[in-house]
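Below is one structure, written out as structure tokens; comments come after it.
The values are calculated or read from the model by the stated rules, or taken from the named source; none is laboratory data. All figures in this text were calculated on a predicted structure; none of them were measured in a lab. Reconstructed Cβ throughout: ideal geometry from the backbone, glycine too, with neighbour counts over all protein chains shown.
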Amino acid sequence: MKPFHPQPEALPDEIAIFPLSGALLLPWGRLPLNIFEPRYLAMTEDALANGRMLGMIQGDPARGKRPDGGSQVFSVGCLGRLSSFAETEDGRLLVTLTGVARFRVVEEIETRRGYRRIRADYAPFLADLEPETLPVPRNDIMTALRPYFAGRGMEVNWEAIEALSDAALVTTLCMVCPFSVAEKQALLEADTLPERAGTLATLLRMAVHDGGDLPPTGLPS
């Protein structure tokens, strides 16, 4: 376990959540965020002062809206640790979240300074606290990647991609590829790294098969 990664007993029972559809945080992944809304600035400031952790979770479009107009959320999200942050001259915070472990929403609790909070259960996902080392279908993923990027007219640094470990390859692609909300949630909820990798390879092949005007990924060339 890395030095700043928390032990199971240090996982917070109550956490702030950042509901953001289309943004996927996975254990051990790194997600950059541009924080500018007042309630989320308050959330980030409070997290920095109290353990540096908050939850990323997607809104669930199938469940409609809450009475207050906010999004209903999926039942599973990912706890992130604020591993870096910087202030901007115009009052924004540029932060990076490092994924710690997935959680299941037990219940929503009272808001604080405008941001939402939940009671979280990590018990089904404690294995997330250790990096996964099980083999993944890397060849299937790499075979699907080339036509996937070609369909977007992108030139990619293949040496850099091929140098990634299996876990880093799967996590990075799951987080940056522009899959749908439901597809990203399926990747998040996959039980193991090999299962997530298999789902990833399937989604890449489906995107190539569907064709059409595909949005760009977040991968640098």
Residue in the stretch 29-66 that is surrounded by the fewest Cβ atoms within 10 Å (Cβ to Cβ), counting only those that are at pLDDT 95 or above and part of a loop (DSSP other than H, G, I, E, B): Glu37
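If the requirement is being surrounded by fewer than 16 Cβ atoms within 10 Å (Cβ to Cβ) and in contact (Cβ under 8 Å) with a residue 24 or more places away in the chain, which of these qualifies: Arg119, Arg146?
Working: Arg146 fails: in contact (Cβ under 8 Å) with a residue 24 or more places away in the chain.
After applying the criteria, what remains is Arg119.
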Being farther than 14 Å from Thr98 by Cβ, touching a helix residue (DSSP H, G or I) at 6+ places or on another chain (Cβ under 8 Å) and surrounded by fewer than 17 Cβ atoms within 10 Å (Cβ to Cβ) is the filter here, so list the residues in the stretch 1-20 that pass it. Gln7, Pro8
In the stretch 142-161, how many are under 21 Å from the mean Cα position of the chain (by Cα) and small (Gly, Ala, Ser)? 0
Does Val156 count as assigned to a loop (DSSP other than H, G, I, E, B), surrounded by 15 or more Cβ atoms within 10 Å (Cβ to Cβ) and either of a type in the set (Gly, Ala, Ser) or not assigned by TED's automatic domain parsing to the domain that holds Gly77 (or both)? yes
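Looking at the stretch 167-212 only, could you name the residues that are assigned to a loop (DSSP other than H, G, I, E, B) and either among the acidic types (Asp, Glu) or touching a residue at least 12 places away in the same chain (Cβ under 8 Å) (or both)?
From the stretch 167-212, those assigned to a loop (DSSP other than H, G, I, E, B) are 177-180, 190-192, 211-212; that's our starting set.
Matches in the stretch 167-212: Cys177, Pro178, Phe179, Asp191, Thr192, Gly211.
Output the residues belonging to the stretch 107-130 that are in a helix (DSSP H, G or I) and not small (Gly, Ala, Ser).
We begin by selecting, within the stretch 107-130, every residue in a helix (DSSP H, G or I); these are 123-129.
Those that are in a helix (DSSP H, G or I) and not small (Gly, Ala, Ser): Pro124, Phe125, Leu126, Asp128, Leu129.
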I'd like to know if the stretch 85-97 contains one or more residues that are in the same structural domain as Arg112 (by TED's automatic domain parsing), out of contact with any Lys or Arg (no Cβ under 9 Å at 6 or more places or on another chain) and closer than 11 Å to Pro19 by Cβ. no
Condition first: small (Gly, Ala, Ser), under 20 Å from Asp46 (Cβ atoms) and within 18 Å of the chain's Cα centre (by Cα). Now tell me which residues in the stretch 66-98 satisfy that. Gly77, Gly80, Ser83, Ser84
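Conditions (1) under 22 Å from Arg30 (Cβ atoms); (2) among the charged types (D, E, K, R); (3) modelled with pLDDT of 95 or more, marked per residue:
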{"site": "Thr143", "(1), (2), (3)": "no, no, no"}
{"site": "Glu159", "(1), (2), (3)": "yes, yes, no"}
{"site": "Val170", "(1), (2), (3)": "yes, no, yes"}
{"site": "Val176", "(1), (2), (3)": "yes, no, no"}
{"site": "Leu187", "(1), (2), (3)": "yes, no, yes"}
{"site": "Ala190", "(1), (2), (3)": "yes, no, yes"}
{"site": "Ala197", "(1), (2), (3)": "yes, no, yes"}
{"site": "Leu200", "(1), (2), (3)": "yes, no, yes"}
{"site": "Ala207", "(1), (2), (3)": "no, no, no"}
Might you check whether a residue that is of a type outside the set (D, E, K, R), surrounded by 18 or more Cβ atoms within 10 Å (Cβ to Cβ) and within 20 Å of Pro38 (Cα to Cα) occurs anywhere in the stretch 126-141? no
